[in-house]
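**Q** Would you mind keeping the following structure in view while I ask a few things?
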Amino acid sequence: MPETDPARATHSLQVYRADALRVVNGANQGDAICFAEELVHDDIYRLSPLAALKPLGVDTGATPPFRISANSVLGSAGADLHLDCCVTFMSGDGQTTEALVLVETDAEGHAAEVYLMPLAPMTARADYVLVGVDREGALQRYAQVSCVSFTAGTMITLANGAQRAVEDLTVGDRILTRDDGPQPIRWIGHQTVRAVGAFAPICIREGVLNNTRDLLVSPDHRLFIYQRRDNLGAGRSELLVRARHLVNGDTVARREGGFVDYYQMLFDAHQIIYAEGIAAESMLVDTRTRAALPKDLEVADLLPGHRRSDPRALEVEEQLLARPDAAEVLRKSSGG
């Protein structure tokens with residue numbers, strides 16, 4: 001895999017402007033959602049019927065804060081962006097909804113804009129009671145969204161060719177990788193979360209990408225495709241494609257509802273491994289995901305290997321995949 005400069009990575013977040021969510025009853029009545037110091041528990045918020053999620057381009061470097069990218073739809077390019085807190089709302093049916101509050105600051109360090117990144121869908125005109133404000137855990141929650149994860153039951157190919165469910169793997173098990181042969185697992189993570197919004201898995205039906213069974217992965221999980229013919233127009237044969245960019249509501253669809261068990265698999269370097277017979281990435285350690293790792297893991301030892309194998313040069317732009325037959329085009333391009 002090609003080496004690229006790891007100092008700064010760009011990605012896109014789907015956010016609301018702060019004024020889309022205002023207090024309709026409580027201490028801050030009339031005010032928009034704001035940073036943690038201004039929030040009051042039990043205030044009741046309501047999402048405007050005109051509210052629309054928009055992309056916020058974010059550059060992440062080695063240390064906080066983030067920066068707003070040059071091509072972002074929202075915000076001022078180059079401005080600092082701070083991950084302020086994770087808020088929890090409770091709706092009338094007793095369900096909780098989490099969201100991340102991000103604050104853009106100006107050159108003097110003053111708040112210029114506030115954005116809300118919901119981790120589950122929010123409904124216009126519904127009432128949301130603020131029941132939690134977490135500043136310490138915000139970065140870890142953000143990292144969990146960014147981690148690529150396999151769901152329980154996913155069959156992973158071992159170094160000897162045998163198949164084993166991801167939940168039955170252990171640290172030290174040797175896994176077949178595309179680029180580096182057999183490699184031992186350095187760490188395995190596991191979370192059980194509600195399968196909604198940013199945490200709802202993507203199901204790629206059996207055979208859609210020549211997979212042997214249904215494959216369920218986290219939305220941002222990247223699949224590796226080797227094109228024998230460039231039917232997609234990407235201009236290269238090796239591609240990494242995010243699962244959520246293939247959703248067509250039929251052969252590739254979100255699985256909303258209930259709970260999902262997610263597993264992350266970490267090696268000394270970012271790897272392409274085999275899940276349900278097709279190539280998919282392992283966890284990449286970068287400034288977004290490292291907060292999801294346990295404190296006793298020697299992250300500094302992992303960074304050199306992960307920087308050398310940074311896969312951004314292979315990732316396909318979302319606009320190339322904005323077609324209902326994208327998965328079929330990729331299957332045919334790979335000779336399936």
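The values are calculated or read from the model by the stated rules, or taken from the named source; none is laboratory data. Here the structure is a predicted model, which means the values were calculated and not measured. Reconstructed Cβ throughout: ideal geometry from the backbone, glycine too, with neighbour counts over all protein chains shown. Accessible surface areas use protein heavy atoms only, side chains included; no ligands, DNA or RNA. Shrake-Rupley method; radii C 1.70, N 1.55, O 1.52, S 1.80 Å.
**Q** Of all accessible surface on segment 107-228 at a 1.4 Å probe, what whole percent is carbon and sulfur? Intermediate results must be reported in sequence, preceding the final value.
**A** Details: 2420 of 5290 Å².
Of all accessible area on segment 107-228, carbon and sulfur atoms account for 46 percent.
**Q** Any idea of E318's accessible area? Nearest 10 Å², probe 1.4 Å.
**A** 110
**Q** Per residue, how much accessible area does segment 133-290 show when a 1.4 Å probe rolls over the protein heavy atoms, in square angstrom? List each step's numbers first, then the result.
**A** Working: 6230 Å² over 158 residues.
Solvent-accessible surface per residue comes out at 39 Å².
**Q** Extending each Cα 7 Å along its Cβ direction at R135 and D19, get the distance between those two points in nm, one decimal.
**A** 2.7
**Q** Also, quick follow-up: Can you give the local net charge around F35? Use residues other than it whose beta-carbon is closer than 10 angstrom to its beta-carbon, Lys and Arg +1, Asp and Glu -1.
**A** Details: positive: R135; negative: E37, E38, D84.
Overall, the nearby charge balance is -2.
**Q** Report, for segment 144-257, the % of DSSP beta bridges that are antiparallel, rounded to 5. Before the final figure, lay out the partial values.
**A** On the way: 20 of 20 bridges.
In segment 144-257, DSSP labels about 100 percent of beta bridges as antiparallel.
**Q** I've got another one for you. Mean residue ellipticity at 222 nm from the helices of the chain, using -39,500 (n - 2.57) per DSSP H segment of n ≥ 4 over the full residue count, to the nearest 500 deg cm²/dmol? Could the numbers behind the result be given before it?
**A** Details: 3 runs with 27 residues, N = 336.
Rounded to the nearest 500, the figure is -2500 deg cm²/dmol.
**Q** According to the Kirkwood expression over distinct Cα-Cα pairs, how big is the hydrodynamic radius of the chain, in Å?
**A** On the way: mean 1/r = 0.0477 Å⁻¹.
Averaging 1/r across every pair of different Cα atoms and inverting gives 21.0 Å.
**Q** For the chain, take the longest principal axis of its alpha carbons; what is the angle in degrees between that and the long axis of helix 299-308, to the nearest 10 within 0 to 90?
**A** Its long axis makes an angle of about 60 degrees.
**Q** Short version: ³J(HN,Hα) in whole Hz for each residue of segment 239-245, in order, from phi by Karplus 6.51 cos²θ - 1.76 cosθ + 1.60 (θ = phi - 60°), x for Gly and Pro, what are they?
**A** Result, rounded to whole Hz: 10, 10, 10, 6, 4, 5, 7.
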